[in-house]
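**Student:** Next up is a structure, given as structure tokens.
The values are calculated or read from the model by the stated rules, or taken from the named source; none is laboratory data. The model shown is predicted, which means the values in this text are computed figures rather than measured ones. Note that each Cβ is placed from the backbone with ideal geometry, even for glycine, and that neighbours are counted across all protein chains shown.
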Amino acid sequence: MLPSGNNVDDGAERNSEMADFSNSLNEDQITLQKWVHDFAEKVIRPAAHEWDEREETPWPIIEEAARAGLYSLDFVASMFADATGVSTPMVMEEMAWGDAGIALAIFGTTLGVAGIFANGTPEQIGEWLPQCFGTPEKVALAAFCVSEPDAGSDVSSMRTRAVYDEARDEWVLNGTKTWITNGGIADVHVVVASVDADLKGRGQASFVVPPGTPGLSMGQKFQKMGIRASHTAEVVLDDVRVPGRCLLGGKDRLDERLARAREGRTGSRSQAAMATFEKTRPAVGAQAVGIARAACEYALDYAKERKQFGRAIIENQAIAFKLARMRMMTDAARLLVWNASWRGASGAGFEAAEGSQSKLFAGETAVHVTDEAIQILGGAGYIREHPVERWHRDAKIFTIFEGTSEIQHLVIARAISGVHIQ
């Protein structure tokens, strides 16, 4: 999701003014929460089963979100400008409470927006961000293309290449990206490619591929276990030519960075990238919290109504204790997410990879809680008449994308030990 500033260290300058961490919402945040929850309850949730079954992009829902002002650059900018950091995870939780697949279909564009915002010049940000959303009358989408068949967690193995054609001031991109949200159907694609393979991860750069650029096409569209309303596909780049101005950050900055890398001087680039990831992961964790909360509420209501042996099953400790633990884990996940979001937005900084902690715990919690919800419903939980089986399918991806649980453990272990653990 979208970082809180173009310079990932800019929050440090605001330390003296940063908001205190609080679990209490102010009046504006309460109003925002109610507005988003109402949209999730009245528009998203009733449509969730249909679009899960269809496995198609829910264009009517995205368009309705655009008309309501929920899908727009102005809304996303105001959400991420909140100095407390709470607005972003709060919105993500409510939307995923409605349906995680539709929520990702609506906010998947912010992945591409984040790539532009984090790496682009002010002029590039001003030019491309509005094009990522389009208008309520003509909605647009963006995609962020990083992963490849042989470069998922190991992004240093990226094979997509970008070669500069100096005579025409163009970059030529070739390669295949995979697991791309909005891949091939987006208007704006942000592509990470290698410009110097010998430098591996330090020799990569980001490019904007404008709408309608020849050579970019959609490969395989994936049929997924969950989040089916969100489009996921391969993006094939076959001699894709983009103007020099589409290199995010500009060529002078790239040349300077490559020169430092070749001399063995990496500067603070790696720490800056890590700080960016730590800022974005809580928003992903918040979506997992939304799924877990939905499952908690549904299972509790069911347990109060379902009767066996002459009494409601909630009266049995085996069920009641499951629900108690489900609620405890969900609330704990939210606290980790809000704390990490506050750290990223306020400039408090990260001491123990709190962003990774929040995403890891929330993702694992969503899987556990939805599994327990199915168990509480019994056979009813296993059929599509009830939404808990869909929530369980949706939850699993949160232990995989935006860094697998194993990668999150690695990041946390490195942060707390100061040792480069392999």
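**Student:** Answer yes if at least one residue in the stretch 98-115 is outside any loop (DSSP other than H, G, I, E, B) and more than 30 Å from LYS42 (Cβ to Cβ), and no otherwise.
**Tutor:** At the first step, the residues of the stretch 98-115 found to be outside any loop (DSSP other than H, G, I, E, B) are 98, 100-107, 109-115.
Checking the rest, the ones that are also more than 30 Å from LYS42 (Cβ to Cβ) come to 115.
Looking through the stretch 98-115, at least one residue is outside any loop (DSSP other than H, G, I, E, B) and more than 30 Å from LYS42 (Cβ to Cβ).
**Student:** If you scan the stretch 1-21, which residues turn out to be within 23 Å of the chain's Cα centre (by Cα) and either part of a helix (DSSP H, G or I) or modelled with pLDDT of 95 or more (or both)?
**Tutor:** ASP10, GLY11 - these are the residues of the stretch 1-21 that are within 23 Å of the chain's Cα centre (by Cα) and either part of a helix (DSSP H, G or I) or modelled with pLDDT of 95 or more (or both).
**Student:** Same structure again: Search the stretch 405-422 for residues that are basic (Lys, Arg) and pair each with any residue that is surrounded by fewer than 12 Cβ atoms within 10 Å (Cβ to Cβ) when their beta-carbon atoms are under 8 Å apart and the residues are at least 6 apart or on different chains.
**Tutor:** Cβ pairs passing all conditions: ARG414/HIS420; ARG414/ILE421.
**Student:** How many residues are over 20 Å from the mean Cα position of the chain (by Cα) and of a type in the set (Lys, Arg) when one looks only at the stretch 320-353?
**Tutor:** Residues that pass the stated criteria total 3.
**Student:** With the condition kept exactly as written, say whether any residue in the stretch 373-387 is surrounded by fewer than 20 Cβ atoms within 10 Å (Cβ to Cβ) and polar (S, T, N, Q).
**Tutor:** yes
**Student:** Could you figure out which of (1) over 21 Å from PHE144 (Cα atoms); (2) of a type outside the set (Gly, Ala, Ser); (3) at pLDDT 95 or above isn't true of THR84?
**Tutor:** Every listed condition holds for THR84 apart from (3).
**Student:** A follow-up question, please. Report yes if some residue within the stretch 338-352 is over 14 Å from THR88 (Cβ atoms) and without any contact (Cβ under 8 Å) to a residue 24 or more places away in the chain; otherwise report no. I'd like the intermediate steps shown before the answer.
**Tutor:** First pass over the stretch 338-352, keeping only residues over 14 Å from THR88 (Cβ atoms): 347-352.
Of the ones still in play, those that are also without any contact (Cβ under 8 Å) to a residue 24 or more places away in the chain are none.
So far as the stretch 338-352 goes, no, none of its residues is over 14 Å from THR88 (Cβ atoms) and without any contact (Cβ under 8 Å) to a residue 24 or more places away in the chain.
**Student:** Cβ-Cβ under 6 Å, sequence separation 6+ or interchain: first residue in the stretch 374-390 and among the small types (Gly, Ala, Ser), partner part of a helix (DSSP H, G or I). Which pairs?
**Tutor:** Note: pairs meeting the criteria are GLY381/ILE374; GLY381/VAL388.
**Student:** If a residue has to be out of contact with any helix residue (DSSP H, G or I) (no Cβ under 8 Å at 6 or more places or on another chain) and under 14 Å from LEU247 (Cα atoms) to count, how many in the stretch 108-130 make the cut? Reasoning before the result, please.
**Tutor:** The initial filter retains those residues of the stretch 108-130 that are out of contact with any helix residue (DSSP H, G or I) (no Cβ under 8 Å at 6 or more places or on another chain), namely 108, 111, 115, 119, 121-123, 126-127.
Narrowing the set further to residues that are under 14 Å from LEU247 (Cα atoms) leaves 115, 119, 121-123, 127.
Matching residues across the stretch 108-130 total 6.
**Student:** Can you run down the residue pairs with Cβ atoms below 6 Å, 6 or more apart or on separate chains, where the first is in the stretch 250-261 and outside the structural domain of GLY120 (by TED's automatic domain parsing) and touching a residue at least 12 places away in the same chain (Cβ under 8 Å) and the partner is buried (at least 16 other Cβ atoms within 10 Å of the Cβ) and among the small types (Gly, Ala, Ser)?
**Tutor:** LEU254/ALA205
**Student:** For the stretch 68-93, name all the residues that are closer than 18 Å to GLY363 by Cα and out of contact with any Leu (no Cβ under 9 Å at 6 or more places or on another chain). Show your work before the answer.
**Tutor:** Applying the first criterion (closer than 18 Å to GLY363 by Cα) to the stretch 68-93 yields 88-93.
Listed by number, the residues that qualify are PRO89, MET92, GLU93.
**Student:** Right, next: Do any strands (runs of 3 or more DSSP E) entirely within the stretch 124-204 hold 1 or more residues that are among the β-branched types (Val, Ile, Thr) and crowded, with 21+ Cβ neighbours inside 10 Å, and if so, which? Before the answer, list the steps.
**Tutor:** Values: elements: 142-145, 161-165, 170-181, 188-194.
Those strands (runs of 3 or more DSSP E) span 170-181, 188-194.
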